[in-house]
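Here is the structure we will look at.
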Amino acid sequence: MYIIADAKEVFLAKREPYINALKLVESAAEARAREVLGDKLRFGGLLPREGEYAKVTIRPEMFKGMAGTTLSGSFRQNLTATGWQTILECDLSRNGPVGTDYVMGIVGIAILDPAIRISQIRIRKGDWTFSVIDIEEAKVAKGPVVVLFKISEQEAKDFVFDYTAKFYLDAYVLSTGYQTVKPEGVAFLPQEKAIAQTY
């Protein structure tokens, strides 16, 4: 299941559910990274050197937005059509920012604007679709919100994505305009991708 909470509560005040979910998913993602990246690269943590892979925050450059182009510098994008739309997908293009050498763990979806233009979300993992999550109650919040998944140790691996099970985020868009929707979690990338400022 999931909870919808004020972003300030999740990230600043009452962090325990977020931290607990992150620990579980990070552990599952790290195990998968050893399988996907470990035969070619060593783990370098937050300070990777050449020939290593790093643990990093999830960044906009890892994704294509609704327009089909790679995001740059921000998750804020213009939602140009209503109804069900794919608003984020991991960019696995050969010369793209991620390529196939990545592992990502997701614990929630943050909507970082006061006005919420979407009413439902669903995550797809390759050809497997998670249940639709209705987030209309988020509209009563006075600021940014987070849809935080309640994740058990057994479920943690289901929230890990890589080239074999690509991440997509679909949303039911109620009105066009700008919206900032950010996956929350952790990623593992080769050193050259992890430290790049531009792709």
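In terms of distances greater than 20 angstrom between alpha carbons, the cross-link table entries Lys40/Lys125; Lys23/Lys150; Lys8/Lys150; Lys40/Lys193 yield Lys40/Lys125. On the principal axes of its alpha carbon atoms, the stretch 90-199 extends 42, 35, 21 Å, with the longest extent given first. Note on Lys23: accessible area approximately 130 square angstrom, rounded to 10, probe 1.4 Å, nucleic acids and ligands left out.
Dipole size of the chain about its Cα centre, with +1 on Lys/Arg Cβ and -1 on Asp/Glu Cβ: approximately 280 debye, rounded to the nearest 20. In order along the stretch 70-82, phi translates into HN-Hα couplings of 5, 5, 9, x, 7, 7, 5, 8, 8, 7, 9, 9, 9 Hz, rounded to whole numbers, per the Karplus curve 6.51 cos²θ - 1.76 cosθ + 1.60 with θ = phi - 60° and x for Gly and Pro. Using every pair of separate Cα atoms, the Kirkwood estimate puts the hydrodynamic radius of the stretch 1-109 at 16.1 angstrom.
Summarising the label geometry, the points placed 7 Å from Cα in the beta-carbon direction at Lys40 and Ser27 lie 2.9 nm from one another. Ala67 sits among other residues whose Cβ lies under 13 Å from its own Cβ, and their net charge, with Lys and Arg +1 and Asp and Glu -1, is 0. Taking every DSSP beta bridge that has both ends in the stretch 34-151, the antiparallel portion is near 85%.
In terms of overall dimensions, the C-alpha atoms belonging to the stretch 139-199 reach 40, 36, 21 Å along their principal axes, ordered largest to smallest. Coupling constants for the stretch 42-48 follow from the phi torsions by the Karplus curve (6.51 cos²θ - 1.76 cosθ + 1.60, θ = phi - 60°), and in residue order they are 9, 7, x, x, 8, 10, x Hz; glycine and proline get x. Of all the C-alpha pairs in the chain, what % are more than 26 Å from each other? I get 30 percent for the Cα pairs in the chain exceeding 26 Å. If you fit an axis through the alpha-carbon atoms of helix 16-36 and take the longest principal axis of the Cα set of the chain, what angle between them do you get, 0 to 90°, nearest 10? Taking the Cα atoms of the chain, the angle to 16-36 is about 40 degrees.
What you get for the stretch 32-128, charging only the Cβ of Lys and Arg (+1) and of Asp and Glu (-1), is a dipole of about 140 debye around the Cα centre.
The values are calculated or read from the model by the stated rules, or taken from the named source; none is laboratory data. Quick caveat, the model's predicted, so the values are computed rather than measured. Quick reminder, even Gly has a Cβ in these numbers, built from the backbone with ideal geometry, and neighbours come from all protein chains shown. Only protein heavy atoms, including side chains, enter the accessible area calculation; ligands, DNA and RNA are left aside. Shrake-Rupley method; radii C 1.70, N 1.55, O 1.52, S 1.80 Å.
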